[in-house]
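The values are calculated or read from the model by the stated rules, or taken from the named source; none is laboratory data. Everything numeric here is computed off the predicted structure, so don't read it as measured data. Reconstructed Cβ throughout: ideal geometry from the backbone, glycine too, with neighbour counts over all protein chains shown.
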Amino acid sequence: MPKLNVVAILPLIGSNDARILHGAIEAARQQGDAELYVWSHWHCRGGGVGLPASAGRLLSRFGIRGILADIWTAPMMRGLRRLHVPVVDIGGDYPSDVTAVHVDNAALGRMAARHLLDQGLKSFGFWGQHCGKAYRRRDAFVATLRKAGFACPVFEKDVIPVPWSEKNEGPARRWLQSLPKPAGVMCWYDWQAVAAQYVCRQAGLRIPDEVALIGVDNDDLWRLQCPVPLTSIDTNAERIGYRAMQMLCGMMRSGRRLAREVLLPPGNVVARQSTDLLAIDNPEIVEAVRFIQSNSDRPTTVRDVLKAVPISRRKLEIRFLELLGRTPHQQIQHAHIERAKMLMEDYEMSLADVAEMSGFKTQSAFSALFKLLTQCTPGQYRRGRLQPKATSPSASSA
């Protein structure tokens with residue numbers, strides 16, 4: 001059998017792109033007969049640039065039988081269609097009927113809104129851009145806040161965070177200044193949050209005291225440029241690449257095209273200083289709470305917390321009870337159950353998958369703790385909620 005040679009066409013402009021690629025490579029290794037090449041120089045996110053005229057000849061020369069692509073432009077889409085090989089979109093924003101694996105953008109908006117509401121905020125804003133991904137995050141963010149009884153002004157303009165961008169900076173500065181303080185602002189992705197922090201600094205707005213910022217991607221390249229450590233939602237990028245490669249290999253073997261979009265649940269909110277409004281004057285306990293929140297999708301113990309935070313177990317136990325009214329173990333249980341609730345509300349997935357993606361080793365352990373803390377079974381909780389909006393493949397397949 002000939003190898004399933006695949007080319008990945010993605011920009012590699014941030015660590016999130018690299019994580020997608022890492023997932024795809026891992027899936028290719030597990031397939032055994034798949035090999036992945038990366039041609040990032042073929043990619044262009046903006047403008048009217050498509051694939052090179054020599055694309056067909058080069059694919060034939062390398063024996064390429066499938067493509068993973070981050071599709072953002074009509075010329076790129078037209079170029080891919082002309083190649084007549086299976087294509088899976090891995091996170092692009094161009095509307096098409098090609099097979100696609102994306103993070104659930106609406107879930108990102110809901111998660112950001114819930115996180116800011118949990119900080120006790122009552123004023124909000126959304127900083128977006130004119131593209132489909134941003135619109136889906138915006139609509140879910142605004143709807144979640146509206147359901148909680150709050151309005152949400154929207155600003156949709158790209159701002160480059162450099163000192164000579166006064167013309168672009170002015171409208172953003174005036175919008176941020178107009179929000180009642182303190183305000184919780186969702187930036188549709190981390191690079192926008194870099195700009196937001198720059199504009200806040202120029203306007204003399206303190207983060208998070210006056211403006212609490214949350215981004216999307218948990219992208220190291222962008223968030224490390226923020227003077228105040230940025231809270232961000234992890235998009236499960238490795239899982240996107242892994243699942244996309246699995247699907248593409250199946251299409252290459254079967255010869256059947258899967259014209260559908262698979263939406264994958266996001267990871268966790270990775271809480272950092274930019275939304276740190278907890279009324280806790282103890283940096284060690286704040287860091288412990290952040291660690292627990294950021295690891296609610298995996299089995300976590302008090303010992304894990306102690307490895308991450310330099311504090312004795314006895315002091316940790318005493319401070320948690322004094323400041324939060326819970327033990328560290330109870331806080332961990334609470335974080336796992338809250339993530340499980342989110343998954344059951346937003347996705348049509350089995351309870352076994354909910355348990356696995358909420359950090360439980362077994363479904364029975366999940367069900368027992370859920371009933372103990374909520375006085376109802378997971379099934380009863382799900383039946384009492386609105387019908388989920390999105391589907392997700394089995395957690396064990398990615």
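Overview of results
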item: In region 11-55, residue nearest to the chain's Cα centre (by Cα) [restricted to those that are among the small types (Gly, Ala, Ser), modelled with pLDDT of 85 or more and over 13 Å from Leu68 (Cα atoms)]; result: Ser15
item: Filtered residue count, region 224-239, keeping only those that are of a type in the set (A, V, I, L, M) and surrounded by fewer than 24 Cβ atoms within 10 Å (Cβ to Cβ); result: 2
item: Some residue of region 135-151 being part of a strand (DSSP E or B) and of a type outside the set (S, T, N, Q); result: no
item: Close pairs from region 345-357: first surrounded by fewer than 18 Cβ atoms within 10 Å (Cβ to Cβ), partner modelled with pLDDT under 90, Cβ under 6 Å, at least 6 apart; result: Glu345/Arg385; Glu348/Pro388; Glu348/Thr391
item: The lone exception for Pro265 - which of (1) within 17 Å of Trp188 (Cβ to Cβ); (2) within 21 Å of the chain's Cα centre (by Cα) it fails; result: (1)
item: Whichever residue in region 8-44 is β-branched (Val, Ile, Thr) and buried (at least 22 other Cβ atoms within 10 Å of the Cβ) and, among such residues, is nearest to Leu224 (Cα to Cα); result: Ile20
item: In region 274-327, residue nearest to the chain's Cα centre (by Cα) [restricted to those that are among the acidic types (Asp, Glu) and within 26 Å of Ala112 (Cα to Cα)]; result: Asp297
item: Residue that is nearest to His43 (Cα to Cα), among those in region 87-101 that are modelled with pLDDT of 85 or more and either surrounded by fewer than 16 Cβ atoms within 10 Å (Cβ to Cβ) or in contact with a Leu (Cβ under 6 Å, 6 or more places away or on another chain) (or both); result: Ile90
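Rundown of residues vs (1) surrounded by fewer than 23 Cβ atoms within 10 Å (Cβ to Cβ); (2) in contact with a strand residue (DSSP E or B) (Cβ under 7 Å, 6 or more places away or on another chain); (3) within 25 Å of Asn295 (Cα to Cα), yes/no style:
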{"site": "Asp190", "(1), (2), (3)": "no, yes, yes"}
{"site": "Ala203", "(1), (2), (3)": "yes, no, no"}
{"site": "Arg256", "(1), (2), (3)": "yes, no, no"}
{"site": "Glu261", "(1), (2), (3)": "yes, yes, no"}
